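> Below is a structure I'd like to ask you about.
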Amino acid sequence: RTLAAVMSTARVAGTMIVEKVVGAAAEAGQPLGQLKVLGDRVNAGTRSMGVALTSCIVPAAGTPTFTLGEGEMEMGVGIHGEPGRHRIPMAPADAITDQLVDPILADLSPARGQRHAVLVNSLGATPPKSCSSCSTVSPTA
């Protein structure tokens, strides 16, 4: 797989899922070859989407990566602060959650009743109470 293919699946918080699963297996003593296979498998089944209310400033650049207008959000931002898939107007948490989850479900095409792990990560900018409101919205897949 190319780096572009890897980045298109485990982005932002998705990388943490891969790192935690593979790290636990490594700690349990699995050999390196098995860790690679496990990491590839977990990565293939991992998707993440991020939303930004402001751009990050990469220290080497010293300027914002992108600029948002008043009342705009960037959907699908990259792990290194890249602009996302598209911009939308500010919206309530349930609408934002739907716009984050729907493309993931469309891409994964999970079977009805299949179990999934969900990680809600604020990257430090969103209060925990706001994050928990997003984690209670569940798709009907």
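The values are calculated or read from the model by the stated rules, or taken from the named source; none is laboratory data. Worth saying up front: this structure is predicted, and the values here are computed from it rather than measured. Don't worry about glycine lacking a Cβ; one is built from the backbone with ideal geometry, like all the others, and counts go over all protein chains shown. Accessible surface areas use protein heavy atoms only, side chains included; no ligands, DNA or RNA. Shrake-Rupley method; radii C 1.70, N 1.55, O 1.52, S 1.80 Å.
> Taking the dipole about the Cα centre of the range 35-141, with the C-beta of Lys and Arg at +1 and of Asp and Glu at -1, give me whichever of Asn121, Gly84, Ala60 is farthest to the positive side.
The listed residue farthest towards the positive side: Asn121.
> Note the direction-averaged projected area, equal to a quarter of the hull surface, for the Cα convex hull of the range 75-129, in nm². Before the final figure, lay out the partial values.
Numbers: hull surface 20.2 nm².
For the range 75-129, the mean projected area of the Cα convex hull comes to 5.0 nm².
> Right, something else. For a quick check of your reading of the filter: which trypsin sites (Lys or Arg not before Pro) in the range 31-97 sit in a DSSP loop and have no more than 14 other Cβ atoms within 10 Å?
Working: sites: Lys36, Arg41, Arg47, Arg85, Arg87; in loops: Arg47, Arg85.
For trypsin sites (Lys or Arg not before Pro) across the range 31-97 that sit outside H, G, I, E and B with at most 14 neighbouring Cβ atoms in 10 Å, the list reads Arg85.
> ³J(HN,Hα) across the range 50-60 via Karplus (A = 6.51, B = -1.76, C = 1.60, θ = phi - 60°), whole Hz, x for Gly/Pro?
Residue by residue, the range 50-60 yields x, 10, 10, 9, 8, 7, 7, 10, 6, x, 5 Hz.
> Restricting everything to alpha-carbon atoms, can you work out Rg to Rh for the range 39-116 with a Kirkwood hydrodynamic radius?
1.05
> Taking amide H positions as placed 1.01 Å from N in the peptide plane, with prolines and chain starts having none, which residues 5 or more places from Met73, or on another chain, fall under 5 Å of its amide H?
Ile88, Met90
> Sorting Ile17, Ile57 by accessible area (1.4 Å probe), largest first, what list results? Intermediate values should be presented prior to the final figure.
Numbers: Ile17 55, Ile57 100 Å².
Accessible-area ranking of Ile17, Ile57, largest first: Ile57, Ile17.
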